[in-house]
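The values are calculated or read from the model by the stated rules, or taken from the named source; none is laboratory data. The structure presented is a predicted model; accordingly, all values stated were derived computationally and were not measured. Heads up, the Cβs are rebuilt from the backbone with ideal geometry, glycines too, and the neighbour counts pull from every protein chain shown. Only protein heavy atoms, including side chains, enter the accessible area calculation; ligands, DNA and RNA are left aside. Shrake-Rupley method; radii C 1.70, N 1.55, O 1.52, S 1.80 Å.
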Amino acid sequence: MDKIGFIGTGSMGSILIEALLSAKALSPSQMIITNRTIEKAEQLAKRLGGLAVAHSNADLAREASIIVLCVKPLEYSELLAQLAPALTEGHLFITITSPIKLEHLESKVPCAIARVVPSITNAAQSGVSLCEYGSRVSEEQRHYIRNLFAHISTPVEISEPFLRITSDIASCGPAFLSYILQQMIQDAVDETNISPEAATYLTSQMLIGVADLLREEKFTLPSLQQRVCVPGGITGEGLIPLQNKFPGIFREVFQRTRAKFSEDQELLDRYLNEQPQ
């Protein structure tokens, strides 16, 4: 069976590695990892039961036919130069970063390129992973990617025009939601002197319960709100300031993320084009 290599064992790289092992999507013998700081890869390998560690990116590419790139966008140029001597048409690259364009990567390497944008929710074998495929990806490779990430998520195929908005919802969304809930907790503490621990526990359990209702399809988001918010009731009164202040806030969120995304793409395009081939 083909080995799969992970380059980058930082926050998201380590989450993916641990989730795939925990879900038994991959066995330790199928996986090889490396990191710019080798000691970090070795520490992770030891903690997870002795994964193989490659001491260079080229060594990893010689052993693994599928390579998951979990590095920062501005590291790609150096990374591709290091991989070049070991790459063949038979390799499959899976990048998890969104600003880099698949066609740009295809112009730099001889192999198939795909993108899978993960979410922190994948650590609980939940949420979605966003899949985009380059022009060289075969149906067999698509099937492999879908099957692999189905162990830790619901794979959803996307196209480039919707890459940013889908990433905002599925991948950035947990941070946005976490911030909103933390504000609810803090305001509850400030207004009533409930303890932070109690407010946090109640909020967390509420969120878990809502997720269960949605997963079991007992309610949709609109029907859930309608059921809780009875006419003339306390919930409806509490919704008034939200209805007055909240509409449109995520439009601004998405405008800012799109602007930053475009800025990052332009910077990355310039950087990659300036690097020697």
Tell me the residue from R251, R215, R258 that is open to solvent by 70 Å² or more (accessible area, probe 1.4 Å), in contact with an Asp or Glu (Cβ under 9 Å, 6 or more places away or on another chain) and within 21 Å of D168 (Cα to Cα), please. R258
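Go through the stretch 127-154 and report how many residues are part of a loop (DSSP other than H, G, I, E, B), among the hydroxyl-bearing types (S, T, Y), farther than 14 Å from L16 by Cβ and open to solvent by less than 70 Å² (accessible area, probe 1.4 Å). If you could, list the steps in order and put the result at the bottom.
Narrowing the stretch 127-154 to residues part of a loop (DSSP other than H, G, I, E, B): 127, 134-138, 151-153.
Narrowing the set further to residues that are among the hydroxyl-bearing types (S, T, Y) leaves 135, 138, 153.
From what is left, the residues that are farther than 14 Å from L16 by Cβ are 135, 138.
With open to solvent by less than 70 Å² (accessible area, probe 1.4 Å) added as a condition, the list becomes 138.
Residues flagged as part of a loop (DSSP other than H, G, I, E, B), among the hydroxyl-bearing types (S, T, Y), farther than 14 Å from L16 by Cβ and open to solvent by less than 70 Å² (accessible area, probe 1.4 Å) within the stretch 127-154 amount to 1.
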Return the pair list, or none, for Cβ contacts closer than 6 Å from residues in the stretch 140-166 that are within 15 Å of S129 (Cβ to Cβ) to residues that are open to solvent by 60 Å² or more (accessible area, probe 1.4 Å) and assigned to a loop (DSSP other than H, G, I, E, B), at least 6 apart or on different chains. I152/Q125
Among (1) open to solvent by 90 Å² or more (accessible area, probe 1.4 Å); (2) within 17 Å of S126 (Cβ to Cβ); (3) at pLDDT 95 or above, where does G209 come up short? (1)
Criterion: aromatic (F, W, Y) and under 22 Å from L272 (Cβ atoms) - qualifying residue of Y133, Y144: Y133
Residues being closer than 24 Å to S167 by Cα and part of a helix (DSSP H, G or I) - total across the stretch 215-268: 23
Among the residues of the stretch 96-116, are any at pLDDT 95 or above and either basic (K, R) or in a helix (DSSP H, G or I) (or both)? yes
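Which of the residues that make up the stretch 17-30 are under 21 Å from the mean Cα position of the chain (by Cα), open to solvent by 60 Å² or more (accessible area, probe 1.4 Å) and not basic (K, R)?
Filtering the stretch 17-30 down to residues under 21 Å from the mean Cα position of the chain (by Cα) leaves 17-26.
Going one step further and asking which of them are open to solvent by 60 Å² or more (accessible area, probe 1.4 Å), we end up with 18, 22, 24.
Selection gives E18, S22.
Filter the stretch 31-51 for residues that are touching an Asp or Glu at 6+ places or on another chain (Cβ under 8 Å) and modelled with pLDDT under 95; which is most open to solvent (accessible area, probe 1.4 Å)? Break it down stepwise before answering.
Let us first name the residues in the stretch 31-51 that are touching an Asp or Glu at 6+ places or on another chain (Cβ under 8 Å), namely 32, 34, 36, 48.
Now drop any that are not modelled with pLDDT under 95, which leaves 36, 48.
Working: R36: 166, L48: 42 Å².
Filtering the stretch 31-51 for residues that are touching an Asp or Glu at 6+ places or on another chain (Cβ under 8 Å) and modelled with pLDDT under 95, the one most open to solvent (accessible area, probe 1.4 Å) comes out as R36.
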Checking L177 against (1) at pLDDT 95 or above; (2) more than 25 Å from F246 (Cα to Cα), the condition it does not meet: (2)
Tell me the residue from A54, A81 that is at pLDDT 95 or above, among the hydrophobic types (A, V, I, L, M, F, W, C) and over 26 Å from H143 (Cα atoms), please. A54
Qualifying residues in the stretch 95-108 (those that are more than 10 Å from G134 (Cβ to Cβ) and aliphatic (A, V, I, L, M)) - the one most open to solvent (accessible area, probe 1.4 Å): I96
How many residues, within the stretch 155-206, are exposed (fewer than 13 other Cβ atoms within 10 Å of the Cβ) and hydroxyl-bearing (S, T, Y)? 7
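Mind telling me which of the residues S14, S77 ends up being of a type outside the set (V, I, T) and either surrounded by fewer than 16 Cβ atoms within 10 Å (Cβ to Cβ) or touching a residue at least 40 places away in the same chain (Cβ under 8 Å) (or both)?
Numbers: S14 fails: either surrounded by fewer than 16 Cβ atoms within 10 Å (Cβ to Cβ) or touching a residue at least 40 places away in the same chain (Cβ under 8 Å) (or both).
Matching residue, one of S14, S77: S77.
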